[in-house]
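Read-outs: derived from the displayed coordinates by stated rules, not from any lab. Treat the numbers as computed from the prediction; the structure is a model and nothing was measured. A quick note on method: Cβ atoms are made from the backbone with ideal geometry, for glycine too, and the neighbour counts reach across all protein chains shown.
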Amino acid sequence: MSVLIFIDQSEGHIKKASLEALSYGTEIAGKSGIAAEGIILGNVSEDIAALGKYGVKKIYHVDNAALNHFDAQVFTNAIAEVVQRSGAKVIVFSNNVDGKSVAPRLSVKLKAGLVSGAVALPDTSNGFIVKKTVFSGKAFANIALNADIKIIALNPNSFSVNTGGEGSAEVVKTDVKVEEAKVKVTSVNKVKGEVPLSEADIVVSGGRGLKGPENWGMIEELAKLLGAATACSRPVADTHWRPHHEHVGQTGLAIAPNLYIAIGISGAIQHLAGVNRSKIIVVINKDPEAPFFKAADYGIVGDAFEVVPRLIEEIKKVKGVA
Amino acid sequence: MKILVCISKAPDTTTKIAFTDNNTKFAADGVQWIINPYDEWYALVRAIELKEKDPSTIIHLVTVGEADAEPVIRKALALGGDEAIRVNAGSGDSYYIASQIAAIAGQGAYDLIFTGKETIDYNGSSIGGMVSELLNLPYVSLAIKFELNGASAVITREIEGGEEVCEVGLPVVVSCQKGMAEARIPNMRGIMAARTKPLKVVEPAAVDSLTSIVSFELPPAKAGVKLVPADNPAELVRLLHEEAKAF
Ligand SMILES: Cc1cc2nc3c(=O)[nH]c(=O)nc-3n(C[C@H](O)[C@H](O)[C@H](O)COP(=O)(O)OP(=O)(O)OC[C@H]3O[C@@H](n4cnc5c(N)ncnc54)[C@H](O)[C@@H]3O)c2cc1C
Ligand SMILES: Nc1ncnc2c1ncn2[C@@H]1O[C@H](COP(=O)(O)O)[C@@H](O)[C@H]1O
């Protein structure tokens, strides 16, 4: 019996969300006194054994180039084979792009109970109950997993990475049957050099209060200074001031950074639905009645065009940047 | 071309979220139900666009729900689509719902099955993947663009920090999100036509749920905002740095 954690990689690099999943799965295993094991598919350029520092003891590595591109069906079958070999009863994914495609498929294949969007460790005092976000972050539901095998897809940024573990993991080169992918990836287009919004610790976001795309220079400067990703409200993306992938909210991306700085955004309920899981929310808005202040931890009532440049100067001082 | 679009009903996006019965049930009294936005704006409208290009296309809608889902499915028919099927089932988990959809899909020889990216109430983002596994079909999730190319589909989908373009033979299950199509509203002709379009009600297949909802909870209330005067951004930076340790 073990807890099996899916370690997601892209172009040979392990995703940060998977480190959270590893830490989470390891903690479940520790509490139940069973082994934590990982599974990783495709060629990897990083040191896999070093993942032992997140507590995982053994990692099945299917080092097959046919798995370098993602196909939910092929991945599901490969993982299912490893589940069988490891005898895993709990399988942990990150609820990221790949996890959202594979975890549901795997749950059907294994007749396993699935909870996606988990935000806390399972409560095993009476069954196996996992808390997840519902109503777009406006509430939580406690879900009982009643089948023998349980699959948990952990929301990114909801469990901290734990590097308390010791030593290195045993890497077991594993062969499984890999069928030909029906989904052929023809091109990959990544925004280079930027922090992906879904993985960012800090997000600086702008709304219609910024008046036009020409005013985003200060938003980008502030983001760069903080190592943050940039985001925007929906009307800003709809009017093409900013690219669509920056749109956060009910109908855009849902994010949960440590720090979310909202500038010139009113804080409509549909916007909040995508950002209300942020740990700290800072709002800069010239209208003291803006609903966003009710959801904020810190705020400045003021004109963004005056406040933001000064904020940038102050952060530079703290960071020791000229 | 035959397309099946999965439609679920969802509480209007401005609904105040509250629970009853000792926090075991969503307080649905007085709630305005809408078509789940992803199902409407992206999955259904893209299917309609495909039909406009090729009028021989047939669009079926499926919803798993009780009679109170009918106004929503009628509205979907008013937007477009040829007929609807309601699987007359009450509560069940994602596996249960996916099994009902797969049973319908299995009888229809569909080339395409569209779902929304997720429901805005349960936030499962799992039905599409489950349906694809139940039918042993390929699955492309989080699609932002969709084009037909003969017997295959060229799909652009979201990945972390960018996009990926892929090609896949039909049939395929696709979960749809922003970018797929532009939102539209039903017109009078559509609303009239929807009244006479077939809405078939079928009984659910016997399937057991694998999970159940034990209870709901609301997030703890925020402590309240700490306001910093506009002429003192240094204080905000200090608070974020020293108190919140946010950077
Ligand atoms: C079904 C549905 C789904 C939706 N999904 C989303 C979603 O996913 N994401 C989303 O964001 N929205 C969504 N919306 C839209 C949402 O309701 C709001 O209309 C939108 O969020 C408003 O964007 P905004 O705050 O940028 O603009 P506005 O509401 O116009 O607010 C601009 C704000 O800027 C402030 N301001 C103006 N000038 C300045 C200045 N110089 N300095 C500082 N502040 C200034 C104003 O006081 C105001 O508060 C959705 C709506 C519906 C109906
Ligand atoms: N009860 C339902 N009936 C029909 N389709 C549904 C139902 N629930 C969910 N779906 C479809 O599955 C998608 C994903 O739902 P979920 O996995 O619950 O987030 C939705 O966007 C719908 O397209």
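Computing FRET efficiency as 1/(1 + (r/R0)^6) for A:Ser187 and A:Lys319, where r is the C-beta to C-beta distance and R0 is 41 Å, gives about 0.65. The C-alpha atoms of chain A define a longest principal axis, and helix A:72-86 lies at about 50 degrees to it. Remark on the protein assembly as shown: hydrodynamic radius 24.4 angstrom, per the Kirkwood mean of 1/r across alpha carbon pairs.
Backbone amide hydrogens, once placed in the peptide plane, bring B:Gly161 within less than 5 Å of A:Leu197, A:Ser198, excluding anything fewer than 5 places away on its chain.
Region A:208-284 and region A:84-141 have Cα centres spaced 29 Å apart. Here A:Lys184 is the anchor, and the lysines within straight C-alpha reach of less than 16 Å, apart from those fewer than 8 places off in the same chain, are B:Lys145. If you take the alpha carbon atoms of region B:143-247 and fit the smallest convex hull around them, that volume is 351 Å³ per residue. Residues whose amide H lies under 5 Å from that of B:Ile85, counting only those 5 or more places away or on a different chain, are B:Leu61, B:Val62, B:Thr63, B:Lys200; hydrogens are built 1.01 Å from N in the peptide plane. Where in region B:1-29 is the amide nitrogen less than 17 Å from a point lying 7 Å along the Cα-to-Cβ axis of B:Arg184? Hits in region B:1-29 for B:Arg184 at 17 Å: B:3, B:5. Shielding value for B:175-185 is 2, the average number of Cβ atoms from other chains within 10 Å of each residue's Cβ. When the C-alpha to C-alpha distance is required to be over 21 Å, the pairs from A:Lys111/A:Lys182; A:Lys16/A:Lys150; A:Lys15/A:Lys190 that qualify are A:Lys111/A:Lys182; A:Lys16/A:Lys150. Over all directions, what mean area does the Cα convex hull of region A:2-173 project, stated in square nanometres? Projected area, direction-averaged: 9.0 nm². If R0 equals 35 Å, the separation of the Cβ atoms of B:Asp21 and A:Ser125 corresponds to a calculated FRET efficiency of about 0.95.
Within the straight-line cut-off of under 16 Å between alpha carbons, the aspartates and glutamates reachable from B:Lys197 are B:Glu70, B:Asp82, B:Glu83, sequence neighbours fewer than 8 places apart in one chain being disregarded. How big is the antiparallel share of DSSP beta bridges in region B:2-219, given as a percent to the nearest 5? Around 40 percent antiparallel, to the nearest 5. Rounded to the nearest 20, the size of the Cβ-charge dipole of chain B about its Cα centre is 640 debye, with Lys and Arg at +1 and Asp and Glu at -1. Axis of helix A:16-32 versus longest Cα principal axis of chain A: the two differ by about 50°, to the nearest ten degrees. Across region A:1-102, Cα-Cα pairs farther apart than 19 Å form 34% of the total.
Label positions at A:Arg208 and A:Ala49, each projected 7 Å from the Cα along the C-beta direction, are separated by 5.8 nm. Measuring from a point 7 Å past the Cα of B:Glu243 along Cα-to-C-beta, which residues in region A:283-322 have an amide N at less than 11 Å? Under cut-off, by backbone N: A:297-299. Each 5 Å bin, from zero up to the one with the longest distance, holds this percent of the alpha carbon pairs of region A:73-166: 3, 13, 23, 23, 20, 13, 4, 1. Using a simple spin-label model with pseudo-atoms 7 Å out from Cα toward Cβ, A:Ser32 and B:Asp82 lie 4.8 nm apart. Against the main long axis of the alpha-carbon atoms of chain A, helix A:304-319 sits at an angle near 60°. Compute the distance in nm between two label points, each set 7 Å from the Cα along the Cα-to-Cβ direction, one at B:Glu235 and one at B:Arg195. Distance between label points: 6.3 nm.
Simple rule: put +1 on each Lys or Arg Cβ and -1 on each Asp or Glu Cβ in the protein assembly as shown, find the dipole, and look at A:Ala256, B:Ile97, B:Pro71; the Cα lying farthest toward the positive end is B:Pro71. Divided by 2.2 N^0.38 Å, where N counts the residues, the Cα radius of gyration of chain A comes to 1.07. Working note: Karplus 6.51/-1.76/1.60 with θ = phi - 60° gives region A:153-161 the couplings 10, 7, 4, x, 6, 10, 9, 7, 5 Hz, where Gly and Pro are set to x.
Springs join every pair of Cα atoms under 10 Å in this Gaussian network model of chain B, and among B:Leu134, B:Leu170, B:Leu210 the largest mean-square fluctuation is at B:Leu210.
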